[in-house]
Every structure is written in C-alpha cells, then in structure tokens.
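Coordinate-derived values only; no laboratory data. Not measured: the values here are computed from a predicted model. Here the Cβ positions follow ideal geometry from the backbone for every residue, glycine too, while neighbour counts run over all protein chains shown.
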Amino acid sequence: MSNKIILKKKINIFNKKINIPGDKSLSIRWALIASLSYGISRAQNLLMSEDVMATLKAIKTLGIKVSYSRKICKIYGLGINGYKYKKGIVINAQNSGTLGRLMPGLLIDTPNPIKIIGDKSLSRRDFRRIVDPLSKFGANFNLKNGYRLPLTIKGSKKLKPIKFFEKKGSAQCKSSVIFAGIKTKGKTIIKAKKSRNHTELLFKYLKLPIKVKKKGEFDLIEINKINKIKPINYNIPSDISSSAFFIVLTILSKKSQLIIKNININPTRMGMIAILKKMGASISINNKKTYKGELIADLKIKSSKLLKSINCPTNLNSGAIDEFLVIFLVAAKAKGVSYFKKLDELNKKESPRLKWGSKILKMMGIKVITRNNTIKIFGNPKLEINKKIVIKNYLKDHRVFMTSAIAALSFGGEWHIHDKDSIKSSFPTFLKTIDKLKK
C-alpha cells in the first residue's frame with residue numbers, strides 16, 4: 001500500500017460539527033503523573049497516537065501496569081517511588097519530544113543507567129536544554145555528540161534542589177525540571193518564560209506543593225518534594241493544535257462553517273486564535289467551562305471573505321509555535337505582506353519547520369523572504385494553484401504533512417504528499433476527519 005496521498009481538487013462547501021481527538025500534551029502528562037500516583041487512574045478520550053503509545057510503553061517498561069478497554073485507559077500507579085529500575089532498561093521515545101524531554105526528569109533518581117532513544121527526527125534535536133539543568137540536581141548524563149540522543153541517565157541518591165532560568169519558553173524543559181523537583185528534598189525554583197502550563201495546572205488540581213507567581217513575561221515556580229500523588233481520573237479535552245488544520249481549512253474555504261466541540265482553550269495555547277482574529281478570521285468561542293484546571297469550549301469558525309496581513313506580535317509566538325505552518329497558509333491568501341519574527345524555535349521541532357513553511361509557500365507560487373528566523377509572506381487573495389506539487393523528505397513531520405493537505409484542499413492543484421504515516425504520531429484520524437467534511 002502506498003504511503004502517500006494524492007489530492008487533486010479543492011474541498012466543496014461544508015457546514016459540519018466535528019470532534020477532534022484528545023489533547024496530546026495532556027494525554028502524555030496524564031499518563032506520566034498517573035504512573036507516579038498511588039492507585040488506579042482512569043482516562044477517557046486519551047489520544048491513541050504513536051507518541052502517547054510510546055509513553056504508555058515507557059511506563060510499562062518501568063514496571064507500571066497499563067490496561068485499555070471500552071475506551072478507558074487505566075494506569076495502576078505504585079507511588080512516587082514505584083518505578084522498577086532494572087538493569088539494561090531502554091526507553092524509546094520514538095518521535096515524541098515531550099516524552100523524550102520529560103522522562104529524564106522522572107528518572108532523576110534511577111540507580112541504574114537508563115538509555116533513552118528516539119527516531120531519526122527526534123535524534124537530531126538538542127537535548128542539552130534538559131541535560132544542563134537536570135545535571136545540577138546531581139544526575140549524570142551522556143549524550144551522543146554532546147547534545148543528541150541516545151541519552152543515558154544515571155541518577156543520584158543525593159539529589160539537591162536547583163534554581164533554573166528557562167529562557168526559551170519551552171514547556172518541555174520546564175516540566176522536566178518540575179518532575180525532577182518533586183523527587184528532590186528542598187525547594188526547586190524555576191524562572192520560566194511563559195509557555196504551556198498543563199503540568200502546573202494538573203499539579204494544582206491534585207493539590208500538590210507547587211506555587212506559581214507571574215513576573216512580567218516570566219513565571220516564578222516553586223516546587224517541593226512530594227510523598228504521595230492521588231490517582232487522577234480525566235476525560236481528556238480535545239487538542240487545539242490538531243483543530244488548527246480544520247480551523248484554517250474553514251477560513252480558507254468558500255461559504256463554509258464548522259463547529260469543533262470540547263476544545264482545550266488553555267490561554268498558553270491560544271496564540272493561533274489571536275493571530276487569526278487579527279487577520280480577519282471569523283472565530284467565536286462558546287460554552288466556556290473549567291475542567292480540572294483547564295479551560296474548555298466549543299469553537300465556531302466561518303469562511304473569511306477578506307483576510308488582512310499581519311505584523312505578528314512576538315509575544316504570541318510561544319502560544320502558536322505548533323500552528324505557524326497553517327498560519328502561513330492564511331497569510332498566503334491575505335491582502336498585503338505578513339511579517340513573522342523571532343521564530344528560531346520553529347526550526348527546532350520535528351523538522352526545520354520555518355524552512356519547510358517557506359518551501360511550501362514558494363512551491364505554491366507565493367513570494368517569501370526568510371532571514372534570521374523571520375519570514376515575510378507576500379499574500380495573494382486570488383491565489384489558485386494549477387500545477388503538480390510534491391512534498392517529501394521532510395523527516396516525517398506530521399505537521400508538514402497535514403499543512404500540505406490543507407493547502408491542497410484550500411487552493412487546488414495536484415498534490416503528491418508522501419509519508420502519510422507521519423500523522424500517526426499525533427492525529428491518526430486526520431484523513432478520516434477530512435472525509436467527514438467531504439460527505
């Protein structure tokens with residue numbers, strides 16, 4: 001069976017309601033926290049993607065029982081010190097940066113060396129950003145070429161709390177240090193540039209000893225050693241990053257409307273919505289509620305007749321870092337020149353996404369200027385594609401695949417998009433959801 005799709009025409013007018021799978025960030029964090037709890041934790045709507053499955057396999061490798069039946073996942077936690085640190089353990093994070101970077105924080109006390117490996121894409125990413133702070137706790141690390149996977153960690157019996165300044169806005173690094181802090185006597189202090197705060201919110205809901213104070217562009221986080229975590233039952237809200245593709249498809253399609261139910265609208269994840277609204281997109285947020293610390297709502301999106309260019313405020317970057325590829329598609333149809341700055345983190349994802357965003361736009365016939373982690377996009381409100389475009393060799397980055405599919409459905413042309421299996425890491429039902437809009 002071919003591992004590519006061919007899309008030859010734009011999507012027809014649609015007016016639909018859809019559900020999006022569970023949030024990946026929350027699914028992974030729930031599993032990791034549940035593995036440290038004492039008792040049985042249950043989750044509904046857990047994202048059944050390769051990244052989440054890799055997480056469940058990782059905690060099973062550490063001696064934690066996991067079961068799945070009737071759409072409910074159960075994790076049988078053995079407590080904060082319940083991991084079985086056998087000799088020769090290897091954990092495969094596959095394509096998951098979240099798992100690869102959070103897990104060393106949980107393993108900070110392992111008496112036996114544990115190796116963490118990943119796929120080709122993850123193995124190219126820089127792991128010094130977690131090794132540097134975690135080493136200060138007293139753990140020992142070894143990295144290939146000094147910064148890449150495979151990573152080997154050996155913990156310490158004499159862990160000491162640290163002070164850590166997280167400057168890049170990386171929720172993965174921040175969370176990894178938080179996990180190490182809950183296994184360390186004393187107070188660990190983190191000054192972190194604002195980023196996703198799912199870990200902190202789950203900790204607060206569980207009434208764990210974490211304090212978060214806002215200090216301008218930074219959060220000041222204090223965490224102390226934890227003796228016990230109670231089980232957490234969780235109906236995972238739907239993923240706004242996965243929703244982004246269908247939000248943009250609706251905006252770019254004619255006379256269409258879409259309602260997406262039960263979406264996690266955590267303020268640290270809403271940069272995309274703010275950017276698209278500034279560009280003239282019609283997006284309304286309805287039925288807001290708070291669920292176990294997270295904001296949940298339904299989104300209603302309508303086609304946009306006139307889209308405006310944007311000089312994107314950089315303070316929105318961290319809240320939209322996973323959505324910029326599809327935001328670029330909106331800029332391609334906007335009137336005027338859109339300017340996005342300080343996107344260096346975009347090239348440190350599964351693939352060099354800023355480069356791929358520029359490449360896709362150029363193949364579409366859009367003028368693009370990239371320089372020093374900035375991109376200028378010269379929009380064309382009348383853009384129609386009437387040629388063949390081939391997308392391949394992109395390190396199987398799921399967001400490159402899905403962005404290309406949305407471009408094909410929005411602008412036309414004949415698109416040959418390779419490595420469709422890449423969507424298994426985050427959104428296995430992506431193509432089935434597209435089919436629902438076509439019916």
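Between Asn19 and Lys355, the simple spin-label model (points 7 angstrom out along Cα→Cβ) gives 4.0 nm. Can you classify the range 24-226 as rounded, prolate or oblate using the Cα gyration tensor, where a ≥ b ≥ c are the square roots of its eigenvalues, rounded means a/c under 1.5, and otherwise it's prolate if a/b beats b/c and oblate if not? In terms of gyration-tensor shape, rounded. Taking a point 7 Å from the Cα of Ser67 along the Cα-to-Cβ direction, the residues of the range 26-54 with backbone N closer than 16 Å to it are 39-44. Ranked for footprinting exposure by Cβ neighbours inside 10 Å, fewest first, Thr429, Thr188, Thr98, Thr55 give Thr429, Thr98, Thr188, Thr55.
When +1 charges are put on Lys and Arg Cβ atoms and -1 charges on Asp and Glu Cβ atoms, the dipole computed for the chain relative to its Cα centre reaches about 300 debye. Separation of the range 173-188 and the range 227-287, taken as the distance between their Cα centroids, equals 30 angstrom.
The H on the amide N of Tyr234, modeled in the peptide plane, is under 5 Å from the matching H of Arg42, Ala43, Gln44, each at least 5 residues off or on a different chain.
In this structure, the amide hydrogen of Asn262, modeled 1.01 Å from its nitrogen in the peptide plane, lies closer than 5 angstrom to those of Ala297, Asp298, Leu299, counting only residues at least 5 positions away or on a different chain. Among Thr110, Tyr76, Ile6, whose Cα projects farthest towards the positive end of the dipole of the range 1-121, with charges put on the beta-carbon of Lys, Arg (+1) and Asp, Glu (-1)? Result: Ile6.
Taking other Cβ atoms within 10 Å as a rough exposure proxy, Ser156, Ser35, Ser2 sort from fewest to most as Ser2, Ser156, Ser35.
Count Lys and Arg as plus one, Asp and Glu as minus one, and take only other residues whose Cβ is under 13 Å from that of Glu294; the net charge is then +4. Spatially, the range 51-72 and the range 17-35 are offset by 13 Å when compared through their Cα centroids. Label the chain by shape, choosing from rounded, prolate and oblate, from the square roots a ≥ b ≥ c of the eigenvalues of the Cα gyration tensor; if a/c is under 1.5 it is rounded, and otherwise prolate applies when a/b is larger than b/c, oblate when it is not. The shape class here is prolate.
Under 1.5 on a/c is rounded, so check that first for the range 159-214, then, if it is not, pick prolate when a/b is larger than b/c and oblate when it is not; a ≥ b ≥ c are the square roots of the alpha carbon gyration tensor eigenvalues.
Judged from the Cα gyration tensor, the range 159-214 comes out oblate (a/c at least 1.5, b/c at or above a/b).
Could you sort out which of Lys4/Lys396; Lys74/Lys420; Lys335/Lys362; Lys57/Lys84 sit more than 22 Å apart by Cα distance in this structure?
Numbers: Lys4/Lys396 11 Å; Lys74/Lys420 30 Å; Lys335/Lys362 17 Å; Lys57/Lys84 14 Å.
From Lys4/Lys396; Lys74/Lys420; Lys335/Lys362; Lys57/Lys84, over 22 Å: Lys74/Lys420.
I need the peptides 170-179, 121-130, 101-110 ranked by packing, meaning the mean over residues of other C-beta atoms within 10 angstrom, with the highest value on top. Show your work: numbers first, answer last.
Values: 170-179: 25.9, 121-130: 18.8, 101-110: 24.2.
Descending mean neighbour count gives 170-179, 101-110, 121-130.
For a label point 7 angstrom out from the Cα of Tyr291 toward its Cβ, which stretches of the range 232-273 have the backbone nitrogen within less than 13 Å? Of the residues in the range 232-273, 233-240, 261-266 have backbone N under 13 Å from the label point off Tyr291. Couplings 3J(HN,Hα) for the range 105-118, derived from phi with the Karplus relation 6.51 cos²θ - 1.76 cosθ + 1.60 (θ = phi - 60°), are x, 6, 9, 4, 10, 5, x, 10, x, 10, 9, 10, 10, x Hz, where x marks Gly and Pro. Taking amide hydrogens as placed 1.01 Å from N in the peptide plane, the amide H of Lys168 sits under 5 Å from those of Lys193, each at least 5 positions away in sequence or on another chain. In this calculation the C-beta distance from His416 to Lys115 is compared with R0 = 41 Å, giving a FRET efficiency of 0.60. Report summary: the helix-based calculation at 222 nm, which adds -39500 (n - 2.57) for every DSSP H run with n ≥ 4 and divides by the residues of the chain, gives -8500 deg cm²/dmol. Summarising the label geometry, the points placed 7 Å from Cα in the beta-carbon direction at Glu384 and Leu431 lie 2.8 nm from one another.
One Cα centroid belongs to the range 198-214, the other to the range 405-438; the line between them spans 37 Å.
Here the Karplus relation 6.51 cos²θ - 1.76 cosθ + 1.60, evaluated at θ = phi - 60°, turns the backbone of the range 242-255 into coupling constants of 6, 5, 3, 5, 7, 4, 5, 4, 5, 4, 8, 8, 8, 6 Hz, with x for every Gly and Pro. Taking each residue as 0.36 nm, the span from Lys278 to Ser2 lengthens on full extension beyond its C-alpha to C-alpha distance by 95.4 nm.
With a 10 Å Cβ neighbour count serving as the proxy for reagent exposure, in which order, fewest first, do Met363, Met272 appear?
Going from least to most buried by this count: Met363, Met272.
Karplus-derived 3J(HN,Hα) values for the range 83-99, using 6.51 cos²θ - 1.76 cosθ + 1.60 with θ = phi - 60°, are 5, 9, 8, 6, 6, x, 5, 10, 10, 9, 7, 6, 9, 8, x, 4, 5 Hz; glycine and proline are entered as x.
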